[in-house]
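Below is one structure, written out as structure tokens, with a few remarks after it.
The values are calculated or read from the model by the stated rules, or taken from the named source; none is laboratory data. Every value quoted in this text rests on a predicted model; they were computed, and no experiment measured them. Cβ atoms come from the backbone with ideal geometry, glycine included; neighbour counts cover every protein chain shown. All accessible areas refer to the heavy atoms of the entire protein, side chains included, with ligands and DNA or RNA removed. Shrake-Rupley method; radii C 1.70, N 1.55, O 1.52, S 1.80 Å.
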Amino acid sequence: MRVLINQVQEGCILTEDVLGLSNQPIIKKNTVITDELLYILKVYLVEEVEVAGMLENGEPFNPVQLQNSEAKNEIPLIASYISAAENFKKEFSLWQTGSSIDINKIFSIMIPLIEEINFFPSSEIFQINHLSTDKDYISKHAVAVGMLSAFIGRKLNYSKSDIVQLAVGGALCDAGMAKVEPSLLEKASHLNYHEKEEIKRHPEYSLQMVQHLAILKDEVKSAIYEHHERLDGSGYPKGKSGKLISSYGKIFAVADAFHAMNSNRSYRRKYSPYQVLELMLEDYFGQYDLLSIKTLANGILHYSIDSTVKLSNGQLAKIIFIDESAPTRPLIKMISTDEILSLKNNRHLYIEEVMDYYI
């Protein structure tokens with residue numbers, strides 16, 4: 001819906017980029033409005049913006065002076081994700097009080113979401129990184145892992161029933177966090193050794209919580225337990241390696257790590273999706289399933305020669321050559337200076353976002 005700037009409130013979600021006089025985005029779509037961002041919009045004399053019909057907390061947005069008939073019926077994927085995360089948060093809160101998993105609730109949260117994904121371009125799912133904040137991290141992370149796992153499964157031609165299992169199982173990987181002391185989950189500083197060891201027990205807790213759920217395949221239950229295992233044996237809880245890790249477990253590991261690194265945490269900044277891909281392919285090579293990573297990459301690396309990208313230093317550039325051996329580090333031409341740079345030789349720079357849709 002299009003609303004006046006004085007109708008916008010904290011928690012609103014932009015559904016279109018807000019462009020400045022130079023036709024460059026001031027604030028990008030799918031961004032959650034804060035008081036600071038609202039101030040920036042007013043500084044730039046923005047009069048109207050497009051926002052979702054739902055706030056970041058999952059509540060409906062009903063701006064004053066606007067009739068309900070003016071609102072769009074369609075809920076964008078990003079708003080559906082927020083709604084799913086809000087519903088998941090309610091279930092997680094029940095688990096923290098000792099309640100068992102209501103698996104039908106988790107299916108009802110995840111199935112409509114993964115069905116909706118089919119109607120959006122592959123790259124759209126990765127826009128959830130704009131909402132990857134500390135607030136409600138566990139519920140947002142859980143839903144994101146389910147979405148990404150289902151995405152990988154669909155691209156690998158898994159059956160529809162297996163894709164559903166991946167979505168639900170992925171969302172339940174961190175269910176065991178409900179059995180961890182809440183103060184540890186909320187701690188803003190780095191954890192000490194004993195606190196880390198307690199957090200590392202969450203796969204065991206998750207397995208205990210899903211063990212009785214007949215509707216989940218045994219392989220999915222095992223994979224939930226394995227989602228922190230690594231192919232080189234460096235993971236936990238059992239230090240499994242290679243073929244000892246199930247195919248579902250390999251997918252969950254990639255989806256979980258990708259979204260975790262793509263999220264802001266109190267103790268570190270988040271990385272862009274492109275930088276996460278690079279880390280997983282290079283710095284952590286040998287730890288994660290290469291096929292699953294490349295499947296994610298095919299959904300993210302949708303730029304081509306002549307595409308405009310935003311770099312980590314805020315500058316814009318045109319892609320002039322893509323090296324298949326290093327797709328996240330193409331040869332680029334700076335728009336402001338016409339300078340030609342190889343991102344392979346300038347490791348301090350990386351692609352932040354593809355701008356073709358916004359310019």
Note to self: Residues that are under 26 Å from residue 18 (Cβ atoms): list the strands (runs of 3 or more DSSP E) wholly contained in segment 305-359 that include at least 2 such residues.
What the structure shows: 308-311, 316-321, 331-334, 351-354
Notebook entry, point to check: Somewhere in segment 310-319, is a residue open to solvent by less than 20 Å² (accessible area, probe 1.4 Å), within 21 Å of residue 270 (Cβ to Cβ), of a type in the set (Val, Ile, Thr) and in contact with a Ser or Thr (Cβ under 8 Å, 6 or more places away or on another chain)?
Noted result: no
Next item on the list: Report, ordered by the first and then the second residue, all pairs with beta carbons closer than 6 Å, sequence separation of six or more or different chains, a first member in segment 81-98 that is small (Gly, Ala, Ser), and a second member that is surrounded by 14 or more Cβ atoms within 10 Å (Cβ to Cβ).
Entry: 83/58; 84/109; 84/113; 84/143; 85/139; 85/140; 85/143
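Collect the residues in segment 270-289 that are under 19 Å from residue 247 (Cα atoms), open to solvent by 30 Å² or more (accessible area, probe 1.4 Å) and in a loop (DSSP other than H, G, I, E, B), keeping them in residue-number order.
Step one: filter segment 270-289 for residues under 19 Å from residue 247 (Cα atoms), giving 280-281, 284-289.
Next, from what is left, pick out any that are open to solvent by 30 Å² or more (accessible area, probe 1.4 Å): 281, 284-287, 289.
Matches in segment 270-289: 284, 285, 286, 287, 289.
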Margin query: I want to confirm something. Restricting to segment 290-302 and keeping residues that are open to solvent by 20 Å² or more (accessible area, probe 1.4 Å) and free of Cβ contacts under 8 Å to residues at least 60 places away in the same chain, which single residue is farthest from residue 355 (Cα to Cα)?
Written below: 290
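Within segment 41-59, identify whether any single residue is assigned to a loop (DSSP other than H, G, I, E, B), at pLDDT 80 or above, within 30 Å of residue 180 (Cα to Cα) and in contact with a Phe, Trp or Tyr (Cβ under 9 Å, 6 or more places away or on another chain), and answer yes or no.
Initial filter on segment 41-59 (assigned to a loop (DSSP other than H, G, I, E, B)): 44-47, 52-53, 55-59.
Retained after the next criterion (residues that are at pLDDT 80 or above): 46-47, 52-53, 55-59.
Next, from what is left, pick out any that are within 30 Å of residue 180 (Cα to Cα): 55-59.
Checking which are in contact with a Phe, Trp or Tyr (Cβ under 9 Å, 6 or more places away or on another chain) leaves us with 55.
Yes; the residues of segment 41-59 include at least one that is assigned to a loop (DSSP other than H, G, I, E, B), at pLDDT 80 or above, within 30 Å of residue 180 (Cα to Cα) and in contact with a Phe, Trp or Tyr (Cβ under 9 Å, 6 or more places away or on another chain).
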Item checked: Residue, modelled with the lowest pLDDT, within segment 272-308, restricted to residues that are out of contact with any Lys or Arg (no Cβ under 8 Å at 6 or more places or on another chain) and farther than 24 Å from residue 153 by Cα -> 304
Next item on the list: With the condition kept exactly as written, say whether any residue in segment 240-252 is within 19 Å of residue 347 (Cβ to Cβ), surrounded by 17 or more Cβ atoms within 10 Å (Cβ to Cβ) and within 17 Å of the chain's Cα centre (by Cα).
Entry: no
